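Working notes, beginning with the structure itself.
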Amino acid sequence: MNAAAELLAPAALARHGGRVALACGGESITYAALAEQVARAAAALASLGVRRGERVLFLMRDTPEFAAAWLGAVHAGAVAVALNTKLGEDDFRHIAADSDARLAIVEDVFAAARPDLAAEYARAGLLAVAGASLPPGAHDWRRLVARAAPAPPQPARAEDPAFWLYSSGTTGKPKGIAHSHRAILVSGEALKSLGVQPGERVFATSKLFFAYGLEHGLLGPLALGATGVLLADWADPETASEAAARHRPVAMFSVPSFYRRLLAEGAARLAPFRRIRHFVAAGERLPQAVIDAWREQVGGEILSLYGTSEAYCACLMMPPSTRAEDNRGGRTGKPLPLTELRLADAAGAEPMQGEPGLLWLRHPALASGYVNRPELTRAQFRDGWFCTQDLFVRDAEGYYLHQGRADELVKIAGQWVRPAEIEEAVGADAAIVEAACVSVTDADGFERLALFVVPRGDEPQALAAAERVCAERLPRYKRPKWIRAASELPRTATGKLQRYRLREMLLRELGDGR
């Protein structure tokens, strides 16, 4: 078997070969045309000397061309590694070395942005460029694909590597996560749960280098015979609204912070989204205030979804039948089909109902481990299970509630504090867009809380609102010692909050006087 070939097999093409597989702006490609482009891309990679199991890096915008090239690597038996297009040079070099990549396929706009790096890789024969402007010595990717005869798929076992994901680096250098052909073939359970049908359109604002975007923007729709709606460049309210109006998707997958940005745009920008049946959010905590405002201004519920790069596929989601009265209290969802979950306390035993525990999960798409990190792999992957390092509570109705990362719980005055609880309370105030709470060690060596708020308008008003909410709604030991305003919260490219950067900001401000 070969996962890329299975997605575009003759039987699948007989059912929907003439349907649009991917739509991007005014461009679209049918399933039949995509299958041919994938086979040509595989042949082009073979002509460049790429062999089974070798890694191919991709630094390209989210277009049908990129999708065909990525799937072409899998078709050829190689390992596809998509990179964040905002990646710095140091991280690019780190990933290239860590993956021992055989080749990098780069769109010309990114090669032009870093000419010295592009020239270095071109001289070494490690660079293929898609576009009109090629550095000297670089392979012409588009020319190679156009001239190639479609290649047959390379046979693979279900457990053979097909793609690697690199973590977003919230705490350090990105780490590689190895996934198999089997993972691709079980994509799209969340789409099935939503009732997405062949020929219907699905829109994901997250980029394809990210597991969430890869499953719900590309591989999941292809597995169902649906159409994936892509944004070539990074999503903003204008381009997302245009895509929703043009393509009329039945489901939208995004991150909570992007839904918040859309809400701030007003009624005119929100109009195209009112025709969408299902809204899903993942990648960060979904505030109740965003759920309520979206229901009021757009209609319909935003359904929380949870997954990890290590699982690749989504694992938890609020059911599509969720009512407003059930979409509350920080509920993350219930297990999707194929997902097995268990909670464990510090001793490894199942906690009492309502008590937090570490979430362990098992899934057919689970990674084989971390690249070049055997100790970390042994610590988190055990007997077919993966320890997420996320704390959850399971309520009496079977919903899982995310309590934060295990390393984010802070003991203040001898009592455990969950920063998300403070963020939820303060972030609900009308004067505040969002809030983030972190722990900081004070001058006496004690852990204290620091709260950062993004003002909706006047900064003093937002700070006063945060002080008032903390005083009125939180016990003394949960009240932050420091409250600061920020124009925005630092996040990774995938939308995850970078708490360490907030901590560093405060420590720089305080110096030795903390």
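The values are calculated or read from the model by the stated rules, or taken from the named source; none is laboratory data. Keep in mind it's a predicted model, so treat the numbers as computed, not measured. Every residue, glycine as well, gets a Cβ built from its backbone with ideal geometry; the counts of neighbours run over all protein chains shown. Remember, those area values only see protein heavy atoms, side chains included, never the ligands or the DNA or RNA. Shrake-Rupley method; radii C 1.70, N 1.55, O 1.52, S 1.80 Å.
In summary, the lysines within cross-link reach of Lys481, defined as a Cα separation below 16 angstrom excluding same-chain residues under 8 places away, comprise Lys411.
The value for the stretch 13-88 of Rg(Cα) / (2.2 N^0.38 Å) is 1.15.
Report the accessible area of Trp416, computed with a 1.4 Å probe over the heavy atoms of all protein chains in place, in Å² rounded to the nearest 10. Answer for Trp416: close to 150 Å² accessible.
Accessible surface calculations at 1.4 Å, restricted to protein heavy atoms, place the chain at 41 Å² per residue.
Which aspartates and glutamates have a Cα lying under 12 Å from the Cα of Lys173, excluding residues fewer than 8 positions away in the same chain? Result set, ordered by chain and number: Asp90, Asp91, Asp98.
Of all DSSP beta bridges confined to the chain, the antiparallel ones make up roughly 55%.
Eigen-decomposition of the gyration tensor built on the alpha-carbon atoms of the stretch 144-252 gives equivalent ellipsoid semi-axes of 25, 20, 16 angstrom, largest listed first.
Computed on the Cα atoms alone, the convex hull of the stretch 187-243 gives a volume of 74 cubic angstrom per residue. Each of Ala232, Ala9, Phe381 was scored by the projection of its Cα onto the charge dipole of the chain, and the greatest displacement toward the positive side belongs to Ala9; charges sit on the C-beta of Lys, Arg, Asp and Glu. Here the 3J(HN,Hα) profile of the stretch 107-113, calculated from phi with Karplus coefficients 6.51, -1.76 and 1.60 at θ = phi - 60°, is 6, 4, 4, 7, 5, 5, 5 Hz, Gly and Pro shown as x.
Peptides 85-94, 269-278, 2-11, 176-185 ranked from most to least packed give 176-185, 2-11, 269-278, 85-94, packing being the mean of other C-beta atoms within 10 angstrom over each peptide's residues. When +1 charges are put on Lys and Arg Cβ atoms and -1 charges on Asp and Glu Cβ atoms, the dipole computed for the stretch 1-142 relative to its Cα centre reaches about 400 debye. Measuring nothing but alpha carbons in the stretch 1-128 and taking Rh as the Kirkwood radius, the Rg to Rh ratio lands at 1.00.
The alpha carbon centroids of the stretch 312-345 and the stretch 263-307 are separated by 17 Å.
Normalising the average separation of contacting C-alpha pairs (under 8 angstrom, six or more residues apart) by the number of residues puts the relative contact order of the chain at 10 percent. Please report the net charge: other residues with Cβ closer than 13 Å to the Cβ of Ala471, K and R +1, D and E -1. It works out to a net charge of +2. The lysines whose alpha-carbon is closer than 17 Å to the alpha-carbon of Lys207, local same-chain residues fewer than 8 away aside, are Lys86, Lys496. Restricting the stretch 278-384 to GluC sites (Glu not before Pro) that sit in a DSSP loop and have at most 12 other Cβ atoms within 10 Å of their own Cβ leaves Glu325. What separates the Cα centres of the stretch 35-59 and the stretch 88-112 is a distance of 16 Å. Taking Cα centre as origin and charging only the Cβ of basic (Lys, Arg, +1) and acidic (Asp, Glu, -1) residues, the dipole magnitude of the chain rounds to 640 debye.
Evaluate the Debye formula for the stretch 236-359 with equal point scatterers sitting on the alpha carbons, no solvent, and hand back log10 of I(q)/I(0) at q = 0.09 Å⁻¹, in q order, two decimals. Scattering profile of the stretch 236-359, log10 relative to I(0): -0.30.
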